[in-house]
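Read the structure below first, then the notes.
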Amino acid sequence: MNRNIIIYLSLLNLSLVILSCSDDSKIYPDGNTPKTDSLPARNDRWINGNRWKMALTRYGYWARHFDGRGVFGAEFPSGSGHSAVYMGGLFIGAVKNGVPRVSEIEYQTDFMPGRITNSGPFSELRFSPPDSSPIYIINNIKDSPDWRMWPAQQGAPWDEVNQEPLLISNEDSWFVCHDLKGDSLEGSNSELGNGFGLELQRMTYMINGGYYFRDVVFIRYRFTNKSNIDYPEAYVSWWLDHNLGPEIYNDVIGTDTLRNMVYTYNLTIEGTGRQFSVGHQLLYFSEGGMNSRLTSSNGYANGGDPSVDYQRYNLMQGIGTTGVPYPAAIYGGAGGRFVYPGDPVSQTGALCKDGRNGRLMANLGPFTMKSGQTYDLMFAVIGGEADTPLNAVVDLRAKADYLKNVFFPLAVSEFRFK
């Protein structure tokens, strides 16, 4: 193995320890936490620490670019102008007051920038001003504004030994948001919405070295239930609008249950150059630790998007928006919950055979989202590349196999690589 990669792996054995308890007096000298209903500008920042270029927003999205309609949010390879993902987000759903409720980061979002500054009954939860929560991006240039202003007091990873930001990869990012304004962000002056009381941290890591790491973005969501309520029948879903390449109706999707991954590739060759695929591999969920497995996956075409929470909640369980399971031809058999689990390389099993402009979801649950509990979720977004679409899937699988073997999560607040 390349010596530089060995050094990286040794450094990555450092854990993400000391996700500091917040001290609001460091943020607001008077000890108060101002409330506001004003929404800041939807500005985003780009991460570009390896062969990926990806936009991050202050509303919890990954691969979302607001500056221009139709502009994709992730480019792979960086500088190629090749769309890899149009938009990505997260669904967190559970039963609240007897009915399904979902806080989602989709085309609209239930999250806004800022922290939840206390805990207790939902109606008593308070949040910090949106302008107090920018996106922070750090690398080994330690005199950058992001490095100097790194918000350890808000929970950003901190190296207690060296008393500096805890840098895990070549380029790390950190951001915090919450769902207290859920269902009320657009055109409402109400103080609180219909969320769960979740504070959500989003972190990304990019390693610029080695064949198996340079084509990966590690994305981590860490959420805490700040309310005093236990929410039963909870699910978490990795969601994306998966536009791959310039032909948006040439995308096909699948689930690789052996590799714990959902993925997209092209039905036919696009252009005259290299061909690509993109996978989303679950590495860790704190409810199941290193042995976490996807419990279902879902996919639907443009126009089949959910519009209300019970439809989203059904999708998170691996069934249709109406609550009716999909046909066996889609899920590989009666009672199946994984969308297109066949093998496109060997052309066996249930396969997506029609190109589409669509969405893709990877689901986990159910579990009880307990009061005061923190949950950790980490995915690897992997780029595959080859001379044909199916060979790009072969390349994607090789990278996913490698990551599965080197990733070793330790606990809810830490991870490392072997």
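Couple of notes before you dig in:
- If you plug the beta carbon distance of ALA329 and SER80 into 1/(1 + (r/R0)^6) with R0 = 30 Å, you get a FRET efficiency near 0.30.
- Projected label points at GLN163 and TYR107, each 7 Å from Cα along the beta carbon direction, are separated by 5.2 nanometres.
- With the simple model of a label 7 Å out from the Cα in the direction of the Cβ, ILE229 to SER144 spans 3.9 nm.
- LYS226 - accessible surface, heavy atoms, 1.4 Å probe, Å² rounded to 10: 40 Å²
- Pairs exceeding 23 Å between alpha-carbon atoms, taken from LYS353/LYS404; LYS53/LYS399; LYS96/LYS181; LYS96/LYS370; LYS226/LYS404; LYS181/LYS370: LYS353/LYS404; LYS226/LYS404.
- For region 254-269, backbone phi angles converted through the Karplus equation (6.51, -1.76, 1.60; θ = phi - 60°) give residue-by-residue couplings of x, 10, 9, 5, 5, 9, 6, 9, 9, 7, 10, 9, 9, 5, 10, 5 Hz, Gly and Pro being listed as x.
- Label separation (ASP343 vs ALA301): 2.9 nm, computed from points 7 Å beyond Cα along the C-beta direction.
- Set of region 191-222 residues, backbone N closer than 13 Å to the point 7 Å along the Cα-Cβ line of ASN405: 212
- For region 232-310, applying the loop criterion from DSSP together with a ceiling of 16 other beta carbons within 10 Å to the chymotrypsin sites (Phe, Trp or Tyr not before Pro) yields TYR249.
- Whole-Hz ³J(HN,Hα) from phi, Karplus 6.51 cos²θ - 1.76 cosθ + 1.60, for region 379-387, glycine and proline x: 10, 10, 9, 10, x, x, 8, 6, 8
The values are calculated or read from the model by the stated rules, or taken from the named source; none is laboratory data. Worth saying up front: this structure is predicted, and the values here are computed from it rather than measured. A quick note on method: Cβ atoms are made from the backbone with ideal geometry, for glycine too, and the neighbour counts reach across all protein chains shown. Remember, those area values only see protein heavy atoms, side chains included, never the ligands or the DNA or RNA. Shrake-Rupley method; radii C 1.70, N 1.55, O 1.52, S 1.80 Å.
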